[in-house]
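Below are the structure tokens for one structure; questions will follow.
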Amino acid sequence: MSAALQQSWPPFVLIAGLLMIGLLADRDGLFAWGGTRLQSLPGGGAALLGAALLLVAVVTAVLNLDTAVVFLTPVLIFAARRRRVPIEPFLFGCVFMANASSLFLPGSNLTNLLVLNAHNGGSGADFAAKMFPIAITAAVVTAVGVGVSFRHHLGVHPAGGAAPVPAESEAEIGPGAIATAAAVVLVLVLRQPALAVLAVGVVATLVELLRRRVSLADVWHVVGLPSLTAAFVLTVALGTLARHWNGPAELIDGASGPETAGLAAISTVFVNNLPSAALYSAHAVDHSRMLLLGLNVGPNLAVTGALSALLWFRAARVVGERPSLVEFSRRGVPLALVAMAAAIVVGMLT
């Protein structure tokens, strides 16, 4: 169990720190400011959607995909409502783009950290350089795919005439913004940034608690400590199992890059990407980039693929939307397959 524990604790510590920092960034108005800028952009629904997906990609890369879906789902829905354009492209585009954009940095997705830690990977900058061709391909193809999938929605003219001028929303250079910048630097520079990022998140949170801009209830809700703890225990248990049972290792042992990505993607549908990462990364993997591609983009196949879908669904319901789980797969399956195919080709050439 010690090996599985050693592999698993840094990713969860890092994610806890990033979730706290995401809460503080929200309190500093960074996400609301981004939403206001979206609403102010000229052009129709397609231009607004393109800018929205770019915002999701950036927040996912920097602050983790779970942070992106929790805080940006409402922002994108409100932006669409204020511009009086159909909501569906923004609602589904948010979660699809978050999953597809979670390959840029180690902290972008918990699966990245589990695989990186298991293989004694280098710094965040090394990871970013290694993954960039695959990551940018998956993100760009998904963004284009979302636009194509929802092209009929985007062709609908805004109801009620011209879009209203959005109210001004200013971002504050406060603890959240400073902590976000610090976290990016730490993730890129340090080989093991978990404790450093957690320390930044804790210190910044204490500052905001003293200023009474956040409460302990806010922190508890966003970090989701019970869920995070349960996921950690499950990951350690599965990591321990995988070290004594060679079934998962034998499944991908000797598999080609495309086969590894396909097996990982299928696994996310049936057992979620986090357990899949724990099972597959207990032993050395020949095609770690392809493994991560399947684990990260595969969840666009079905809502069972990742925790991000559950968080997205909950965030959508908070603002009055009830996305269809069937529609998720109807739109997501072709998006995931095309994005993975393109990224596999690029990965084999780089």
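Every read-out reported here was derived from the displayed coordinates using simple, explicitly stated rules and does not represent laboratory data. It should be emphasised that the depicted structure is a prediction, and the values quoted were computed from it without experimental measurement. Glycine also receives a Cβ, built like all others from the backbone with ideal geometry; neighbour counts cover every protein chain displayed.
Remind me, relative contact order of the chain in percent, using alpha carbon pairs under 8 angstrom and six or more residues apart? Show your work: numbers first, answer last.
On the way: 587 pairs, mean separation 89.8, N = 350.
For the chain, the relative contact order is 26 percent.
Okay, moving on. Check which residues have an amide H placed less than 5 Å from A306's amide H, if you skip close sequence neighbours.
N273
Quote the relative contact order of the range 22-126 in percent (integer), defining contacts as alpha-carbon pairs under 8 Å separated by 6+ residues.
Value for the range 22-126: 27 percent.
Tell me the Rg and the Dmax, in Å, that the Cα atoms of the chain produce.
19.5, 64
Can you tell me the length gained on complete extension of the stretch L325 to R191, counting 0.36 nm per residue apart and subtracting the Cα distance? Don't skip to the answer; put the middle values down first.
On the way: separation 134, 0.36 × 134 = 48.24 nm, distance 3.84 nm.
Extra length available between L325 and R191 comes to 44.4 nm.
Could you line up S123, S281 from fewest to most neighbouring Cβ atoms inside 10 Å?
Neighbour counts put them in this order, fewest first: S123, S281.
Run the simple label-point estimate for A230 and V148 please: 7 Å along Cα→C-beta, distance reported in nm.
Placing both labels 7 Å along Cα→Cβ, they lie 3.8 nm apart.
Give, as a single signed number, the net charge of other residues whose beta carbon lies under 14 Å from the beta carbon of V144, with Lys and Arg counted +1 and Asp and Glu -1.
Surrounding charge for V144 is +2.
Mean Kyte-Doolittle of at least -0.5 plus a Cα span of 30 Å or more along the axis: flag which DSSP H helices in the chain meet both, please.
Those that clear 30 Å and a mean of -0.5 are 2-27, 124-149, 325-349.
May I pose another question? What three numbers, in Å, describe the spread of the alpha carbons of the range 43-90 along their principal axes, ordered from the longest?
Principal axes ranked by extent give 29, 17, 13 Å for the Cα atoms.
How about the range 209-263: which trypsin sites (Lys or Arg not before Pro) there lie in a loop by DSSP and see at most 13 other Cβ atoms within 10 Å?
Loop-located and lightly packed - R211, R212.
Neighbouring Cβ atoms within 10 Å as the yardstick, rank S267, S101, S288 fewest first.
Numbers: S267 23, S101 29, S288 20.
Lowest count first: S288, S267, S101.
Then there is this: Quote the charge dipole size of the range 2-349 about the Cα centre in Debye, to the nearest 20; the model charges only the Cβ of Lys and Arg (+1) and of Asp and Glu (-1).
620 debye
Points 7 angstrom from Cα along the Cβ direction at A181 and V345: gap in nanometres?
4.1 nm
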